[in-house]
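What follows draws every value from the coordinates through simple rules; no lab data is involved. Source: prediction; values computed, not measured. Quick reminder, even Gly has a Cβ in these numbers, built from the backbone with ideal geometry, and neighbours come from all protein chains shown.
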Amino acid sequence: MAANDVIANLWEWPWTSVAAECTGRLGPDGYAAVQVAPPEDSLDVDKHPWWDVYQPVGYDLNSRFGTKDEFAAMVTACHAAGVKVYVDAVINHMTGGQSSTAGYGGATYTADRHFPDAGYTPGDFHAYPVDCPTSDGQISDYNDVTQVQNCNLLGLSDLRTESDHVRDAIAGYLNSMIALGVDGFRIDAAKHIPVADLAAIKAKLTKQPFWVQEVIPGVPPMADYESLGQVLEFNYARNLRGQFVTGISGLKGYGTGGVYEPSDSAVVFVTNHDTERDDSTLDYTDGSIYQLANVFMLAWNYGIPTVFSGFTFTDYDQPPPSDAKGFVKPVVCDDGWECEHRRMAGMVAFHNATHGDPTVSNWWDDGSNAIAFSRGPADRALGWVAINAGDSPTTQAFQTGLRAGTYCDLVRGKPSAGSCVGAPITVDGNGVAQVTVAPKSAVAILAAPRTAG
Ligand code: ARE
């Protein structure tokens, strides 16, 4: 059986809550890894918007999500639960032009770009017009590779990653996490760092980690970064939303060719913390349609799936539930936090049992908004799923490719103590199941493990 690979992105969860979730849920539910928010010390601005953690001021691992000791204890707890830890690494830049102050963890810095904790002085940053050709040092044209890589993104001080000193400092930061057991990194703003610079930084690491890069489609091309690791597949997430708007029968063959990365290079997601705020993807506010998109992602044969799980919000800057000083409070599911990963527990089991065989068989669609397919060979399937994104029920004699028997619907949840959570699904001797899929709903069933032959 192929190794588990699903990532739960517990975005902006504090470390003690991540640790508890690894033990209580992620491990038992079969998640391979948890992705956590940027752990470096960061800018601490008035009203504590969520985004201040994307403005590093030091590399000491004391942040608004917890202390370095709590971070280390989280890694230990997740490993004990069989869950790897991937970290959002903000290494393209430091905070830009903020007044002299201290970060959440106490690292001090000055507005003229001295960051003693990280070991940076002003010469470690790109300057304009020498390195960056724009009149204010900011990126204004995202199609100009020099601007993208040498100018400031969103006003953030752009590190001179071609310098060996800067590469050493960044590698030192990543190695400090590898030493604590961290297994992988999401490289924030990766396209703003030349591939050669990232390769040089990666070569300085004490152990080769899982490596997924944020390269939003444009310049330079996503494909340039494939040689280093995976890339986040923004086209997948954006177009998935489009399919749920125009009709999901168009999902046949989804992710094949065209604008999409090869499956082996892609980390896929239905939404992330940026796209849920700019509405370029589905998100938790889309309700049942969002659930169906996550069901599809986990059932489909493309990329490594990430289930995003952040906090609910009504305006862009709103911080995660935090105390008066901005330190994030322990997570309470369904009280300010989405906890989408819990709802997907049954589908993670479906993914884990089927993803070793990329075959999709027994495809069926109604020509508009309902689909069904098996995973694995048509007559000896590993699992079968039906998704109805339409407004009326779909009743059909579906060929599942499964043996005769009674199966639990995993969309409703993992079976508990051998009992199904919802109504069971019956498959006859011809592999056919007579099923009514309710509007905006799905069903998924899994073959019992087979013995050889
Ligand atoms: C905040 C304020 C800004 C202010 C800045 C500095 O919102 O108004 O100028 O602070 O004071 C996050 C937030 C930002 C926040 C920033 C720093 O999203 O709002 O700025 O933190 O605190 C490009 C990059 C891509 C990047 C997106 C946002 O290519 O890497 O912009 N995404 C990552 C993270 C973000 C994070 C950062 C990077 C910074 O996921 O959450 O910013 O660390 C086209 C282009 C894309 C471009 C996109 C922008 O599609 O092709 O390249 O993405 O437009 O919409």
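Descriptive notes on the structure:
- Some residue of region 116-130 being closer than 28 Å to residue 320 by Cβ, part of a loop (DSSP other than H, G, I, E, B) and either within 28 Å of the chain's Cα centre (by Cα) or in contact (Cβ under 8 Å) with a residue 12 or more places away in the chain (or both): yes
- Those strands (runs of 3 or more DSSP E) lying entirely in region 169-278 with at least 3 residues more than 12 Å from the ligand (Cβ to nearest atom): 210-213, 266-269
- When 83, 75, 87, 45 are screened for being under 19 Å from the mean Cα position of the chain (by Cα) and within 16 Å of the ligand (Cβ to nearest atom), only 87 passes.
- Applying a threshold of 6 Å to beta carbon distances and a minimum spacing of six or more residues, or different chains, the list of pairs starting in region 351-380 at a residue that is surrounded by fewer than 22 Cβ atoms within 10 Å (Cβ to Cβ) and ending at one that is in a helix (DSSP H, G or I) reads 365/249; 367/249; 368/249.
- Test: residue in region 373-390 that is in contact with a Lys or Arg (Cβ under 8 Å, 6 or more places away or on another chain), assigned to a loop (DSSP other than H, G, I, E, B) and either acidic (Asp, Glu) or within 30 Å of residue 313 (Cβ to Cβ) (or both): yes
- Residues in region 25-52 that are under 21 Å from residue 305 (Cα atoms) and of a type outside the set (A, V, I, L, M): 8 in all.
- Checklist (1) under 17 Å from the mean Cα position of the chain (by Cα); (2) on the phi > 0 side of the Ramachandran plot applied to residue 272, failing item: (2)
- All strands (runs of 3 or more DSSP E) inside region 397-438 with 2 or more residues being surrounded by 17 or more Cβ atoms within 10 Å (Cβ to Cβ) and out of contact with any Pro (no Cβ under 9 Å at 6 or more places or on another chain): 425-427, 432-437
- Members of region 138-157 found to be near the ligand (Cβ under 8 Å from one of its atoms) and outside any loop (DSSP other than H, G, I, E, B), listed by number: 148, 153, 156
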